[in-house]
1. Just add up the charged neighbours of residue 219: K/R +1, D/E -1, any other residue whose Cβ is under 12 Å from the Cβ of residue 219.
2. With θ taken as phi - 60° and the coefficients 6.51, -1.76 and 1.60, list the Karplus ³J(HN,Hα) couplings across the range 137-148 in order, rounded to whole Hz; mark glycine and proline as x.
3. Based on a Kirkwood Rh over C-alpha pairs, give the Stokes-Einstein translational diffusion coefficient of the range 57-115 at 37 °C and viscosity 0.692 mPa s in µm²/s.
4. Exposed loop GluC sites (Glu not before Pro) only (DSSP loop, at most 16 other Cβ atoms within 10 Å): please give the longest stretch of the chain free of them, not including the sites.
5. Which value, in debye to the nearest 20, gives the size of the charge dipole of the range 110-173 about its Cα centre, when Lys and Arg are +1 and Asp and Glu are -1 at the Cβ?
6. Please list, in chain and number order, the residues 5+ apart from residue 69 or on another chain whose amide H is under 5 Å from its amide H, with Hs placed from the backbone.
7. Identify the trypsin sites (Lys or Arg not before Pro) of the range 53-149 meeting these criteria: DSSP loop state and at most 13 other C-beta atoms within 10 Å of the C-beta.
8. Could you give me the ³J(HN,Hα) list for the range 55-70, computed from phi with Karplus coefficients 6.51, -1.76, 1.60 and θ = phi - 60°, whole Hz, x at Gly and Pro?
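Rule-based calculations on the coordinates, nothing more; no lab input. If you're wondering where the values come from, they're calculated on a predicted model, not measured in any experiment. Note that we place each Cβ from the backbone using ideal geometry, even for glycine, and neighbour counts take in every protein chain shown.
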Amino acid sequence: MDSGLAQRSPPRLADLLDEGPTALFLDFDGTLVEIAPGPDAIAPREGLAGALHALAGRLDGRLAVISGRAIADIERHIGSLDIAAAGSHGTDIRAADGEPLGDGPAGLPEAISTALEGYAAREGLAYEAKPHGGALHYRATPERGAAANAFARSLADEHGWQVQGGKDVVELVARGASKGGAVEIFMASGPFAGARPFFIGDDLTDEAGFEACEAMGGAGIIVGMREPTAATYRLDGVAEVHSWLGL
């Protein structure tokens, strides 16, 4: 996709719904909540979980949050997420009723978590332990990002896992995990099957979601300015995402 096309605003959600069944997949950090200095420093708007549940009703259940965060971590910040969700970059996928989808999550091997935690302590980085992955955050020390990414890639190769990069963060997840893979799993199940899918996200890991949606007749919507991108449309920021969604 020509990155210039991502300068266009998306059609109104109401217009998409008039055209036929529409499925929405939403990133969390940088899309539904503003990016913060650390993963625990976010300040979600009050009532966000309830607003998402109401939006899912408008979409006849065709709404899912797909995040690098664990589902339990999202719920710790905004309360019970009574919609479909995929956490840890698509390694933990569940339907709105909590039923697991896909092959199920893989736990992070102790050897990887120990190595990541030790590296973070030595280099002054923040280590985030996740149920199905582990992340090194270097927002406070961006000059150490290249070395952190190189260490993570070496560790992933050693143990047969894979690296997911993001904004001032690098994470190890199970091989084959991606947000695009989560979209494909959702779209193969009710109530998503047969709908036109759209993915809204701001980070590099969301590109796989954009590509998956475009391949199934939908499109990606990037949040903010980043090029190149596979997204067709763009929204300026979190406030514009909320407005477009009618939250």
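1. +1
2. Per residue, the Karplus-derived 3J(HN,Hα) values read 9, 10, 4, 6, 9, x, 5, 9, x, 4, 5, 5 Hz.
3. Working: Rh = 12.4 Å.
After rounding, the answer is 266 µm²/s.
4. 47-247
5. 160 debye
6. Under 5 Å from the amide H of residue 69: 88, 89.
7. The qualifying sites: there are none.
8. Couplings: 5, 4, x, 4, 9, 6, x, 8, 9, 9, 8, 10, 10, x, 6, 5 Hz.
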